[in-house]
Ligand SMILES: C[S@@+](CC[C@H](N)C(=O)[O-])C[C@H]1O[C@@H](n2cnc3c(N)ncnc32)[C@H](O)[C@@H]1O
């Protein structure tokens, strides 16, 4: 087995064990490993592969067959039209979070220049999507994991987006005088015993699990947020599909107004938004 075409057919057959789009994944993995654009695979289908190229492909295939998510195998993933570096230190950005970006930008269209805060930025996905869409905004992003923050910084450089990256625990690394027009967050929201955790074993646990109830991080963020928002400022929180009511109650307890839970395309409650009290 020597040609690109033979490898592609063989890899597709192997990948069928771990994915329902084996031919597509084979093309992506081959293009990535060989440094080609997918269309160049077609043009070069009958070219022979050298030993080093075969070794690289085999290693990548083995990784994928061990269940490593495609995004980590490729080292990059697309979020809101942006190609972001990802590695095992960061959560793979999910299309679900695009709902939060859509809601934030729908409000921003009607508003002025913004000061925006992204809490738990991971790969920088939310902060960067907002910074690229609103170049006039001043965007801050906080992350506790230094390894994740390094990925976020590189993504910022790669996209030429201006974000102020801060390492630490939620609001702690921010200048105490800073106030924001908008706070966004997709924090860890799984409970420690969530049955889905085994499926997510390749992603960082600290990005997924909040604590025994799953609401711990959302609670900390909501408790600190009113004091950090300008009066009438907006908070947008992504959460689990069964957490909408609980998140809404936590926001009301802290005096937030206009609390609204939004559903994704599947009709599941995934994002709750609210306005800070006018006297905050
Ligand atoms: C669910 S991931 C979201 C990453 C990214 N915002 C996204 O949507 O793809 C949550 C992130 O919050 C970070 N995190 C967890 N606890 C934190 C804390 N106390 N302070 C700051 N960041 C925290 C995790 O390291 C992780 O990167």
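Scan region 112-131 residue by residue and report those that are within 15 Å of the ligand (Cβ to nearest atom) and either more than 19 Å from residue 99 (Cβ to Cβ) or over 13 Å from the mean Cα position of the chain (by Cα) (or both).
Going through region 112-131, the residues within 15 Å of the ligand (Cβ to nearest atom) turn out to be 116-131.
116, 117, 131, listed by residue number.
Is it the case that some residue within region 206-215 is within 17 Å of residue 127 (Cβ to Cβ), modelled with pLDDT of 95 or more, out of contact with any strand residue (DSSP E or B) (no Cβ under 8 Å at 6 or more places or on another chain) and surrounded by 19 or more Cβ atoms within 10 Å (Cβ to Cβ)?
Looking only at region 206-215, we keep the residues that are within 17 Å of residue 127 (Cβ to Cβ), and these are 207.
Retained after the next criterion (residues that are modelled with pLDDT of 95 or more): 207.
In the following step, the residues that additionally are out of contact with any strand residue (DSSP E or B) (no Cβ under 8 Å at 6 or more places or on another chain) were identified as 207.
Among the residues that remain, those that are also surrounded by 19 or more Cβ atoms within 10 Å (Cβ to Cβ) are: 207.
Checking region 206-215: at least one residue is within 17 Å of residue 127 (Cβ to Cβ), modelled with pLDDT of 95 or more, out of contact with any strand residue (DSSP E or B) (no Cβ under 8 Å at 6 or more places or on another chain) and surrounded by 19 or more Cβ atoms within 10 Å (Cβ to Cβ).
Just checking, does region 266-277 include any residue being in contact (Cβ under 8 Å) with a residue 60 or more places away in the chain, within 19 Å of residue 122 (Cβ to Cβ) and surrounded by 14 or more Cβ atoms within 10 Å (Cβ to Cβ)? Explain how you work it out, then say what you get.
Going residue by residue through region 266-277, those that are in contact (Cβ under 8 Å) with a residue 60 or more places away in the chain are 270-271, 273.
So of that shortlist, the ones also within 19 Å of residue 122 (Cβ to Cβ) come out as 270-271.
Imposing the further condition that a residue be surrounded by 14 or more Cβ atoms within 10 Å (Cβ to Cβ) reduces the set to 270-271.
Checked against the condition, which is being in contact (Cβ under 8 Å) with a residue 60 or more places away in the chain, within 19 Å of residue 122 (Cβ to Cβ) and surrounded by 14 or more Cβ atoms within 10 Å (Cβ to Cβ), region 266-277 yields at least one hit.
Tell me, which helices (runs of 4 or more DSSP H) lie completely within region 134-237 with 2 or more residues that are within 13 Å of the ligand (Cβ to nearest atom), touching a residue at least 60 places away in the same chain (Cβ under 8 Å) and under 16 Å from residue 90 (Cβ atoms)? Break it down into steps so the answer makes sense when it comes.
Details: elements: 146-159, 205-208, 216-225.
Where helices (runs of 4 or more DSSP H) fall fully within region 134-237 and carry at least 2 residues being within 13 Å of the ligand (Cβ to nearest atom), touching a residue at least 60 places away in the same chain (Cβ under 8 Å) and under 16 Å from residue 90 (Cβ atoms), they are 146-159, 205-208.
Could you run through region 36-78 and say how many residues are within 24 Å of residue 89 (Cβ to Cβ) and not in a helix (DSSP H, G or I)? Full working, then the answer.
At the first step, the residues of region 36-78 found to be within 24 Å of residue 89 (Cβ to Cβ) are 56, 59-78.
Of the ones still in play, those that are also not in a helix (DSSP H, G or I) are 66-69, 75-78.
Number of matching residues: 8.
The values are calculated or read from the model by the stated rules, or taken from the named source; none is laboratory data. Computed from a predicted structure; not experimentally measured. Neighbour counts run over all protein chains shown; Cβ positions are idealised from the backbone, glycine included.
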